[in-house]
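See below for the structure under consideration.
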Amino acid sequence: MSSIRVNPETLSVLDRPNSYIGKTVPRPNLERLLQGRATYVSDMELPRMAHVVFLRSPYAHAKILKIDATAAKQMPGVVAIVTGKELSAVITPWVGVLSHLKGLKSAPQSALAIDRVCWQGEAVAAIVATSRATAEDAAEHVAVEYEELEAVTDMRTALDPGTPVIHASLGDNLAFERIHDAGAVDKAFAEADAVVEADFIFGRHTGVTLEPRSVVADWNAAETRLTIYQGTQAPHMVQNIAALHLGLRESQVRVVCKDVGGSFGIKVHIYADEMATYALSKLLRRPVKFVADRVESFNTDIHARDHRCKGKIGVKRDGTITAFEIDDLTGIGPYSMYPRTSAIEANQVVNLVGGPYTSKNYRARARVVFQNKNVMCQYRAVGHPIACSVTEGLVDLAAMKIGMDPVEIRRRNLIKDDAYPCGSPSGLRFEQLSHHASLSKIVEMMDYQALRAEQVTLRKKGIHRGIGIASFIEVTNPSAAFYGVGGAKISSQDGVAVRLDAQGSVICQTSITEQGQGSESLTAQIVGSVLGVSMDRVRVVLGDTDMTPYGGGTWASRGAGIGGEAALQATKILRKNILDVAAVILQSTPADLDIANNAVVNVSDGAPRIELNELARIVYFRPDTLPPGTRPELMATKHFVPREYPFAFTNGVQAAWVEVDTDTGFVKLLKHWVVEDCGTIINPQLVDEQIRGGVVQGLGAALFEKCIYDERGQLTNANMADYLVPMSGEMPDIDVGHVVSPTRESELGAKGAGEAGTAGAAAAVSNAVNDALQPFGAIITEIPLTPQVILTALGRI
Amino acid sequence: MKASAFAYARATSVANALELLASHGERARVLSGGQSLIPAMNLRLVSPELIVDIGELKELRGIAVKGETLVIGALTRHADLLKSSDIVKCAPLLAAAVAHVAHPAIRNRGTIGGSLAQADPASELPACMLALGATIVVRGPGGERRIAAAEFFTGIYETKLAPQDLLVAVELPVARKGSAHFFQEFARRHGDYAIVGLAAQAVLQGDGFADLRLGYFAVGDRPVLAKAAGKLTGVAITPALLAEASAALSDELDPHEDQQATPAMRRHLAKVLLSRCVSTLLNRPDIHRGASA
């Protein structure tokens, strides 16, 4: 592992003896999860709790003429059947726009559809009953009369004059458009020796969390307080929005997030059915549970990607890239999601294309259109796979055109490692990236030259293997620039409170959340290391708006970098406070004392002076024995948000080695490599597994995953048999390497690692497949790379 | 989703199961391994009034070799087929095929009778029954009937089974000396239903085939015993002859379109399988290369 460290002459708090930083230690929550003692929302049972089932529209676009629930209401066990109009008495609609995305527009969305449905799966009525099965029985007896309307399904014709406008009040189906022009693009293309163009197509897909979206909402009329138990990534955001639309103060809403079975960005949004569940609890004055089933998950969990992007690259014979140009189009369903909006992905595509390279000439247009399909929004590595596939696809096509090796063209164009800080033509600011160190490392890890030789040998035997390389940048540690500046009440800072309890254990309350990525572990590692106590003494509390500091939660690869730094700073204060009182007790000075192995020790010889439990006993139970005026403070709180850079960019490179069966169109993934630079690594195993998990999600996009809609807007593969998620049997070994360039914005130096794997995996595989198919002259710029797509490109069918 | 309410009866004997089926007719469904029925019920695609659970009928479980016949009880689980030395010895094609049936958890519950009665045209075992010349043993109100596999499958999820019938066993001829088999399927992921698959049973003679039975699956509404095999038996195999058989195969298949493949792609893959099958069974890599070039 090569490392570029800031201030190497001083020992940081992370380098203390017995530090857990940079070590693979088991997660504190492992036993709970493995013994089946985790608490998911679906495990919760409250007294008088009812279950809600949503009757969902079978049409992509239709008027609701009549809802007749008379028969269903008479069925035993049915508590209530509520329509959109009825529910609107307790909850207001919302519009998913942000002011910094200029021109973004959307229409008001209600918790339950009123008068009209705009996608297949939109909820039109809530059936509340004493059990889920009873509610499903009753749902079959609710008669809804629809008048089907023409559905807008093809994003390519959404803006045509002949296409119906989904929301008449908006005037057209254009939700958002961004145009960007930097440098002298026309001149750069004119000066290029070759210009290559391609149309890139990306399938619509979704996150498929193991645990579906789930809510228990409990309105306590006596306290006039709503408690929401929900598997969410952002409890304080949910609190703010639930309060806003239910006419409550934030203090009247508590959001509790216990264990969560995967999120991937699916659980960071406000969904209409979840809002309806909060409102139903208030309306019916009793707890209401909603657990999405798998079919509902496919039809209503946000979808993502689904872009068509024209790309153009100019290149000189010496490999210099002169310019990039893109024209991106995406369809987002009938509403921009709330509150993060559905324009972020296209906006990210514009931001990120060409990002790793030195070329300053860049022109882009992105258009985001409405359509009658499920809503789209941010999912793991928002926009990155699109931007990376387009950029890296174009770079490979350029290399092919001028007959240059794909590694060589990248060496000649990636921003030099000593060129930082610097900016991109789209306006991004890079603090410190390591493209060249990463590329060199991956070339060595994969033994690039040997693979090339093997490829040549095998081709003679009719075996077609390919190598694909994809350099990438990744947005992590977002400041307020992401959402806050646009008016969203989504915290970009996170807070940690840490206290020494009476027996020398540590309770740490953090505003970041845990959905499986290891937030609990990294927090305990930081607290234990900085304080000098063993991890088993650190208990981490998260996911409760009553119990934790205010903060953003875990999304956009921000948990470790932002929440981790808050933990570090809070623990430093606690450590200082402990040493201050220890010095008083021991008649020493704080500078001569340290904490190690759960005891205060001498700095000079490491000899233990007083156990922390003894110190805590004195402070809590015998403060009378301390000198007058000594007022120990054994709890400390700190918040952190990056201020200097809007985002901490990370970088990396991925490589894929694949074999294409040119008779059948099947692709076999033989091996995958990643080198990434997330700055300080807190837990190498967690980082590596985040990378691998991300890669697998990217490989799913490359080969398997796609929400298939028909021309009437029906999702035709909303089940686990037909929507193909990547499975272990098809996954290659994934080798992960690291380059470490810590961010100077924080003492911890950590950047995010959660999305890097997803960012570049599909690009690497696409490039590898095209490399394998070179002898056939076939170029494919569409994912998923299904056998049908490949056989068609090869002219076999 | 949750299944709608249903009554449940655990059959105590085959006779008892038949009585229950006779009295409830189409409103009853037989539960064996439950790997197709239970998901369909949970999705409310089917809502039977009565479930007749035959899981405890031990007489329907087990594998026995009786002279030249291999008898497999309907309740024999896929996992048991995979482990059975009798299957490996007497019907190795079946052993090869079962490894492709879904995943271990499903193979631990799913049964051969359930798979054949379900008659999913993309599943492996019906095609194996065709290739192996199996007899399906059925008991109904009128007593026992023995139906040739070639007659048994009548359409997508449709068979000669009446609602009152119970599939009790399958009988397979024990593999002859000189016989060989080939099994391959193209599925997007391990354990998925195939896009196209081939279960082939052959008797080798000299450089060619004395007999060749090609059981294709996922190429239409039911498994297909390809007539094109006739062109390849009793003759010396040449690339030209294989091409002729391949063309005949293409003409004879009438594949469906779904999300995985167009009919053209299914025809293409079926031909690839034919070529791979012939070249593998005869150990003639030259034939396959010639066909796919």
**Between the range A:101-173 and the range A:304-332, the Cα center-to-center distance that results, in Å** = 34 Å
**Message:** Within 10 Å, Cβ to Cβ, of residue B:41, how many net charges do the neighbouring residues add up to if Lys/Arg are +1 and Asp/Glu are -1?
**Reply:** +3
**Asked** For chain B, what log10 I(q)/I(0) values come out of the Debye formula at q = 0.11, 0.14 1/Å, with one point per alpha carbon and no solvent?
**Response** -0.65, -1.01
**Request:** Grab the DSSP H runs of chain A that are 4 residues or longer, score each as -39,500 (n - 2.57), total them, divide by all residues and round the 222 nm result to the nearest 500 deg cm²/dmol.
**Result:** -8000 deg cm²/dmol
**Prompt:** Put A:389, A:604, A:131 in order of accessible area, largest first, 1.4 Å probe: what do you get?
**Reply:** A:604, A:131, A:389
**Asked** Accessible surface of residue A:428 in the full protein assembly, 1.4 angstrom probe, to the nearest 10 Å²?
**Response** 20 Å²
**Complete:** Net charge near residue A:599 (other residues with Cβ under 11 Å of its Cβ; Lys, Arg +1; Asp, Glu -1) is -2
**Request:** Would you please name the GluC sites (Glu not before Pro) within the range A:202-289 that are DSSP coil residues with at most 10 other C-beta atoms within 10 Å of their C-beta?
**Result:** A:223
**Request:** Just tell me how shielded A:315-325 is by partners: mean number of partner chain Cβ atoms within 10 Å of each residue's Cβ, no decimals.
**Result:** 0
**Message:** Need one number: the % of Cα-Cα pairs in the range B:180-292 sitting beyond the 18 Å mark.
**Reply:** 44 percent
**Request:** Using a 1.4 Å probe and ignoring any ligands, DNA or RNA, find the accessible area of residue A:452 and quote it in Å² to the nearest 10.
**Result:** 40 Å²
**Request:** Would you kindly find the accessible area of residue A:377, with a 1.4 Å probe and non-protein molecules such as ligands, DNA and RNA excluded, rounding to the nearest 10 Å²?
**Result:** 0 Å²
**Asked** Tell me, what is a quarter of the convex hull surface for the C-alpha atoms of the range A:433-583, in nm² with one decimal?
**Response** 14.4 nm²
**Request:** Sequence neighbours fewer than 8 away in the same chain don't count; with that in mind, list the lysines whose C-alpha is under 23 Å from residue A:576.
**Result:** A:638
**Prompt:** Hey, what do the phi angles of the range A:29-39 turn into as Karplus ³J(HN,Hα) couplings, whole Hz, using 6.51/-1.76/1.60 and θ = phi - 60°, x for Gly and Pro?
**Reply:** 8, 4, 4, 4, 6, 6, 8, x, 9, 5, 10
**Request:** Under 21 Å Cα to Cα from residue B:227, which lysines show up? Leave out anything in the same chain fewer than 8 places away.
**Result:** B:271
**Request:** Give the share of C-alpha pairs in each 5 angstrom bin for the range A:751-795, from 0 to the last occupied bin, in whole percents, shortest bins first.
**Result:** 5, 21, 27, 19, 10, 8, 5, 3, 1, 0
**Request:** Among the GluC sites (Glu not before Pro) in the range B:178-272, which ones are in a DSSP loop with at most 12 other Cβ atoms within 10 Å of the Cβ? Mind listing them?
**Result:** B:257
**Asked** Which angle from 0 to 90°, rounded to the nearest 10, does the C-alpha axis of helix B:14-24 make with the longest principal axis of chain B?
**Response** 80 degrees
**Prompt:** If you project the alpha carbons of the range B:60-173 onto the principal axes, what extent comes out on each, in Å, largest first?
**Reply:** 35, 31, 23
**Request:** Report Rg(Cα)/(2.2 N^0.38 Å) for the protein assembly as shown, keeping two decimals.
**Result:** 1.02
**Prompt:** For the range B:60-173, what is the relative contact order in percent, using Cα pairs closer than 8 Å and at least 6 residues apart in sequence?
**Reply:** 29 percent
**Helix B:263-281 vs. chain B, principal-axis angle (Cα, 0 to 90°, nearest 10)** = 70 degrees
**Prompt:** Taking N as the number of residues in the range A:402-443, what is its Cα Rg relative to 2.2 N^0.38 Å?
**Reply:** 1.28
**Prompt:** Taking a 1.4 Å probe, which of B:44, A:204, B:61 shows the most accessible area, and what order do the others take after it?
**Reply:** B:61, B:44, A:204
**Asked** Near residue A:289, which aspartates and glutamates are there with a Cα under 12 Å away, not counting those fewer than 8 places off in the same chain?
**Response** A:43, A:45, A:218, A:273, A:274
**Asked** Do any GluC sites (Glu not before Pro) in the range A:127-206 lie in a loop, going by DSSP, with at most 16 other beta-carbon atoms within 10 Å of their beta carbon, and if so which?
**Response** A:140, A:150
**Fill in**
Averaged over residues of B:185-195, the number of beta carbons from other chains lying within 10 Å of each residue's Cβ is 4
**Message:** Counting only helical runs of four or more DSSP H residues, what would the 222 nm mean residue ellipticity of chain B come to if each run contributes -39,500 (n - 2.57) and the total is spread over all its residues?
**Reply:** -9500 deg cm²/dmol
**Fill in**
Mean 1/r over distinct Cα pairs of the range B:7-53, inverted to a Kirkwood Rh in Å, yields 10.8 Å
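The values are calculated or read from the model by the stated rules, or taken from the named source; none is laboratory data. All values derive from a computational prediction rather than experimental measurement. Here Cβ is always computed from backbone atoms with ideal geometry, including for glycine, and neighbour counts include all displayed protein chains. Surface accessibility is based on the protein's heavy atoms, side chains included, excluding ligands, DNA and RNA. Shrake-Rupley method; radii C 1.70, N 1.55, O 1.52, S 1.80 Å.
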